[in-house]
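Reading through the structure tokens given below for one structure.
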Amino acid sequence: MKQTAKLGALLLAGLVLLLTLTACADHSEEPVGSCGPYEILYEELRYHTMTYREEHPDCSEEELQAAVRQELAEQYAILELAAEYLPNQSIDSESMVTLVDQALEGAKESLGGKSALKDYLKENYLTEHLLRRLLAITQMQIDLETRLFAGTGLESEETLLAWLDEGNYVRVRRIYFPLTDANGNSMREQAEELRAALMDDRNADPDDLISAEQAAAGAVCYQSEFLFRNMGDELLTEAAFRLWQVGDVSNVLEAADGYYLLVRVEDDREALENYQLPTVLDRYRSDRFDEWIAEAAGTLEVTWNEFGSGLLLTELK
């Protein structure tokens, strides 16, 4: 009986150890589902889950599931577009592996060595395997953008500037009035009065026409700015492009946060070319590329396998 009891205790201890080891097993590269034709690994699911939870600590399981599915769909949409437009490239190709090796070494050096890289990975919910994959996908996105924008107005700063010179930018001063003053009275009438004053004197400085009381209530005239066709707030850009001559004033524009007036001012093409162009190009390209990604992501469905469907994302560690 004593031998049997002793054997039973050993078996029980072994079982507990086995369960502990199983619970602590590294599931990083274990599949949790698929997105279209692509396999999703646990490390990817955890990375997107933990990143979203860090930014939205009070999110529900439903919200988290939807956000992670969207992130994964957009990630694999890049590979879908690459398969269509870059058929001879792959994230596993020899040239891509070389680029990723170089990027990883650069990251290791900039962070301060292997130990620092390990800390970085841990802090950002990454594994080295996943970091390599994300670096490859990022490079694929860069190559894809180069391919998709080739031969278009967004190919380079020079082609964008040529398009802008065709009448696709305007320089204005934006004047803002809150919806109401401190007493709850509408400020629309005051905005209309300022517009009338500007219409009467096209050379007037808007700053001189805003009273101290209006400024105290929140009225402000911003510095000159460029607005670009099909970029930014639609209400303001459409109004801006209806201003044909210097000194033209828009109607009072009502937005959710207040009233706006736009005054056309002299162009400053030199400032546009020297200081604005790289940012404008990045913004246009980003907006257009996001549209392509959204379209491609809409064709992909994230499906969990048995392991993935058994995970509660709000409880991942």
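The values are calculated or read from the model by the stated rules, or taken from the named source; none is laboratory data. What you are looking at is a predicted structure, and each value in this text was computed from that prediction instead of being measured. Here Cβ is always computed from backbone atoms with ideal geometry, including for glycine, and neighbour counts include all displayed protein chains. For the accessible areas, the whole protein counts, side chains as well, though only heavy atoms, and no ligand, DNA or RNA atoms are used. Shrake-Rupley method; radii C 1.70, N 1.55, O 1.52, S 1.80 Å.
Taking the solvent-accessible surface of protein heavy atoms with a 1.4 Å probe, what is the per residue accessible area of the chain in Å²?
Values: 18780 Å² over 317 residues.
About 59 Å² of surface per residue is accessible.
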Checklist line | the chain: equivalent-ellipsoid semi-axes (sqrt of 5 x gyration tensor eigenvalues, Cα, Å) | finding: 55, 27, 17
Note to self: Can you tell me the orientation of helix 128-149 relative to the chain, as the angle in degrees between its alpha-carbon axis and the longest Cα principal axis, to the nearest 10?
What the structure shows: 40
Checklist line | Positive minus negative residues near ARG147 (Lys, Arg vs Asp, Glu; Cβ under 11 Å) | finding: -4
Notebook entry, point to check: Which of LEU134, ALA197, TYR260 sits farthest toward the positive end of the charge dipole of the chain, with +1 on the Cβ of Lys and Arg and -1 on the Cβ of Asp and Glu?
Noted result: LEU134
Next item on the list: Place a +1 charge on the Cβ of each Lys and Arg in the stretch 215-317 and a -1 charge on the Cβ of each Asp and Glu, then give the dipole magnitude about the Cα centre in debye, rounded to the nearest 20.
Entry: 80
Item checked: MRE, 222 nm, helices only [DSSP H, n ≥ 4, -39500 (n - 2.57), over the chain, to nearest 500] -> -17500 deg cm²/dmol
Note to self: Can you give me the C-alpha center-to-center distance between the stretch 22-91 and the stretch 139-173, rounded to a whole angstrom?
What the structure shows: 31
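So if we plug the beta-carbon distance of THR138 and ASP205 into 1/(1 + (r/R0)^6) with R0 = 41 Å, what FRET efficiency do we get, rounded to 0.05?
Values: r = 47 Å, r/R0 = 1.16.
After rounding, the FRET efficiency stands at 0.30.
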Next item on the list: Pairs of lysines 8 or more apart, or on different chains, with alpha carbons under 18 Å: count those in the chain, would you?
Entry: 5
Item checked: Per-pair calculated FRET efficiency, R0 = 35 Å: HIS56 and GLU192 via Cβ, rounded to 0.05 -> 0.25
Next item on the list: Taking the chain as the reference, fit the longest principal axis to its C-alpha atoms, fit the long axis of helix 2-23 to the helix C-alpha atoms, and give the angle between the two in degrees, 0 to 90, nearest 10.
Entry: 20
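Once neighbouring chains are kept in place and the probe is 1.4 Å, which whole percent of the accessible area of the chain is contributed by carbon and sulfur? The partial results should precede the final answer.
Working: 9350 of 18780 Å².
Of the solvent-accessible surface of the chain, carbon and sulfur hold 50 percent.
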Note to self: Nothing charged except the Cβ atoms of Lys and Arg (+1) and of Asp and Glu (-1): what's the magnitude of the dipole of the chain about its Cα centre? Round to the nearest 20 debye.
What the structure shows: 1420
Check: Taking a probe of 1.4 angstrom, what is the accessible area of LYS108 in Å², to the nearest 10?
Finding: 50
